Every structure is written in structure tokens, then in C-alpha cells.
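Enquirer: The structure that follows is given in the form of C-alpha cells.
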């Protein structure tokens, strides 16, 4: 169309001319480097902003559908590379860049996105230490969430099995990269938590082998970070290599630099624990032996004591005292009878209280208890002591009140009931009775006649 | 003394519980403040605890059990019931999981 300077143009005609001129004068698609300014998202989801350099401003639009692919959050001031086509929006007369791709200039989009995410989640407190749960000391049921292919699962399993084979392992396969992977892994973590009343896992290991930032991206996504944060089962994150840190690593209760390292963090070393058990075993035996030695010494001291060496000696004094008091009682029968009687009773009691037999029986019981746990050498020492006890017992026997039986006294018992008979009224005609004589001789007989004595004042 | 009391609670302990109890027993006996008869009982208990720990350590499950992706309805299926029944004693927390197949 020829240029006609004298003709009057309508606005629309001028707009159309400008459009055509733009189409002719600009590449159909171009990439513009500039700084974002005035970035706004409308309710529609579309974004309107401007790209600036030090001299000029270019209006820009990005439709919601294109924005979805942008991994980072565009911010005012950010230096970006915006790719798209230029056109005139006739209703406003604005020349705009219709952007279908947005990248941070310089550093990669993923890196920016990562840094933005870290900042945001850290501010929310998701990485705080107080949220981190302690790992179980001796886990017996461990869940592993990772890819079924790849080296990670093999490394984790081998690492655990070589150190702590007594743990049971449970595997939940997930994709670890690609679209939807983060959601899948998050879902798996949540599922395992839900099912844990039955399964009772102590610990989870979530991770994958090494790769690029793109490959590892699922472990930087917010949905997985929140799932890990919400997990009631402690989680060890094992993603990539030493140098790769992901959001999952920051949120998890512990981080392993590699899958193999996860096994080292997760479980103790069986050999070490076994050695601790050996040590406890030794300490118990040692301590008990010491206690027993101590008790044995105490027993020896008692056996060496006067009561056993010289029982008669121990009794001699009280015995003499009894005689003495009895004499005084006879002479002073009329005066202070009660007082002397009480003193006599007291002396009797003290003799009885020495009770060498009871002491002996007690010590013997203790001896038996100890003999059960001592070894042979110690047992022979005990045997010697036992012999000594027996010898002493025999000597005590000699002082037995039953010796009196040898002097002609006897004990009469009811043959049936065994009851000691002290009065005639304890038996009837023809009752069978047993008479116990010295040295445990006895005679059985029947009552043919009996006589009850006249009343007497004493017993 | 009378017959020894067994320690039935030890048989059900998890590894963590057993080791904790064992530490306590060793410390008590070493402190030496308990009477001899009681230290004999404690010694027996300590030995039972050590046996229990060794028993758990000696286990070695070769399989790895798989966890399937979630079923639609959380109905009491036969697998869950089977899982409850096989209450394997592995020194971990109590009841079993759904019957998963072995992987490798």
C-alpha cells in the first residue's frame, strides 16, 4: 500500500499498520534479557509485568498455562531471559512481549527455585531442630522408600545387612525422578505412616542415587518436604552424593550423604553391641563372686566364734548363774520371790536365746544357698566347714536335755496322735501308748490301769 | 532358698528394653547395696536379659518384605488378618504387618 501523507487514518487503521510493521520488522520469536518489574498475577492466573533495562521498558504478558512450567517464582528486580513473540494489543494500544518461556539470567531456574524454597520453608520452621525426632537406638523394623532399579536400594540393604542383620527390612518402591515423582514419594511416606499401627516400623530411609539437579528435583519439591515433616516415623534422607543437599535432606530427621552411609547411621554395629553384652556378662559374674567371697568370710568368722568352738564354755557361765540364782531363790523364798523369779526366767531366756542350734540351722541354710552358685573349689572349702558344723552339732547333741532319758526318765506318747502324755487323764483304758526311752528306744503298750493324783497347786 | 523364679517378662522384651534393663541390673549389683539373696535373683535376671539380647541379635531375616501401594478401601482383608495372626517375635515392636511377599 502506498504511503499517503494527505489521507486521514482511523485509529484502527494505524493499529493495523503498526501490527504489520511489527511482523515485518521483528523476528517471529525472540529472547529478551531484562529485569522484571511490576510483576502481578491476575485472578485469571495470567501474569502481567514489564521488562526493563537502563533505558527502556517493554510490557510483557505470560499466560497461566505457560507460567505453570516455570519452576521458580518470578520477582521484581530479577534478571531474566524471556522468550516469546512481540505483538500489538489493539484494545490498549500496547506493544507486548507474549512470553512462553521464562528463565533466570545467569544461574539456572532450578537453582533459583531451590534457594527460594529453602528460604521459605526455613522461615516456616520446617528445618528446625526441635522438629527432628531422635533415631531409634536399635531399630528392628526398617522401611526403605526408593527406586527398585538403581544402586541405592542395593547399597542400603547391603550396608544394613552387614552391620545389623537382625533387623527386618520393608521395601516400598517409588519413582525417584520424572513428573509426579515427588507426589508419589510423598504419598508413599504418608501411606507407610498410616499403616504403621500394623507394621510398626521403627525407621524409614528415603532416597536415591546420584544425578543432576534436574534428576534429584523431586527431593526438592514442597509436597515431599511436607510429607517428610509430617511423618511420625523417623526418616533418614539419603539423596545423591556427598555434595548434593536437597530440601528432603534439610527436613528429614537425619541426613546420610550416600545410600551406604544411610546404613551406617540407621543401625548399630552388631559386633560392638555383642561385645557390650560380653562385658555385662563378665561384670555380673565378677560382682557376684565378690559378694559371695564376702559372705563366705563372714560365715567363717561366725564358725570360728566362741559359740561353736566352745559351746559348753558359752553356756557355762549362764548355767552356773542359774544354779546360783536357784539357790538364792530357795533361801529367799519368802522375800521378793517375784523379783527373783523374774530374774531366773530372764537367765533362762538368755541361755535359750543363744540357741546355737537355730544359729547353726540358719547358717546352714545360707550355706546351702551359696553352695548352689559356687564352683567346685569353693565347694570343697564349704564341705570342710560343713564337716566342722556336723562335728559341733554332735557335741551339742551330747548336751541334749534328752540325755536325761538315760537316767531312767521316759517320754510317753499317745500311739495314735503322738501327743505327749503327762497326766493320767490324757489316756483311757486300753489306749495304745508309746514309751520313748534313751537313745530313741521305744516300747509300745496298752493302758491297763491308771490313777489320777490328788490336786496339787503347781503344774 | 526356694525354687528360682523365672523371668517371664524378659521373653517379651524388645532389644531396647532388654539392654536398658540389663544396664540397670549391672549397676545395681555393682553398687553393692542390695542383700545377698536379692543379688542372686538380680544376677539370674541379668543372665536372662543377656540371653534375650543375644537371641535377638542372632536373628537374620534373609528376605526383604515389600510394601504394596495402598489399596482403595481399608477393609479388613485376608492379608491383614493373616498378618495379625503371625505375631513374629523379632525383638521389635509387637504385632506383624500385612503378609508381604519377599523381594530379593
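Enquirer: Taking the radius of gyration and the Kirkwood hydrodynamic radius from Cα positions alone, what is the Rg/Rh ratio for the range A:405-446, to two decimal places?
Expert: Looking at the range A:405-446, the ratio lands at 0.97.
Enquirer: Here is a further query. Below 8 Å between Cα atoms, with a sequence gap of 6+, how large is the relative contact order for the range A:155-272 in percent?
Expert: 33 percent
Enquirer: Okay, next question. What percent does the relative contact order of chain A come to when contacts are Cα pairs within less than 8 Å and at least six residues apart?
Expert: Taking the mean separation of contacting Cα pairs over the length of chain A, I get 8 percent.
Enquirer: Moving on to the next point. Normalising by the residue count of the range A:405-446, find the relative contact order in percent from Cα pairs under 8 Å and 6+ residues apart.
Expert: About 41 percent, as a whole number.
Enquirer: A further question on this structure: Quick one: Debye curve from the C-alpha atoms of the range B:8-58, no solvent, what's log10 I(q)/I(0) at q = 0.20, 0.23, 0.24, 0.29 Å⁻¹?
Expert: -0.63, -0.79, -0.84, -1.07
Enquirer: Run the helix sum for the protein assembly as shown: -39,500 (n - 2.57) per DSSP H stretch of 4+ residues, divided by residue count, reported at 222 nm to the nearest 500 deg cm²/dmol.
Expert: That calculation yields -14500 deg cm²/dmol at 222 nm.
Enquirer: The range A:113-131 to the range A:23-64: how many Å between their Cα centroids?
Expert: Taking the Cα centre of the range A:23-64 as reference, the centre of the range A:113-131 is 31 Å away.
We did not get these values from a lab; they are worked out from the coordinates using the rules stated. Here the structure is a predicted model, which is why all the values come from computation and not from measurement.
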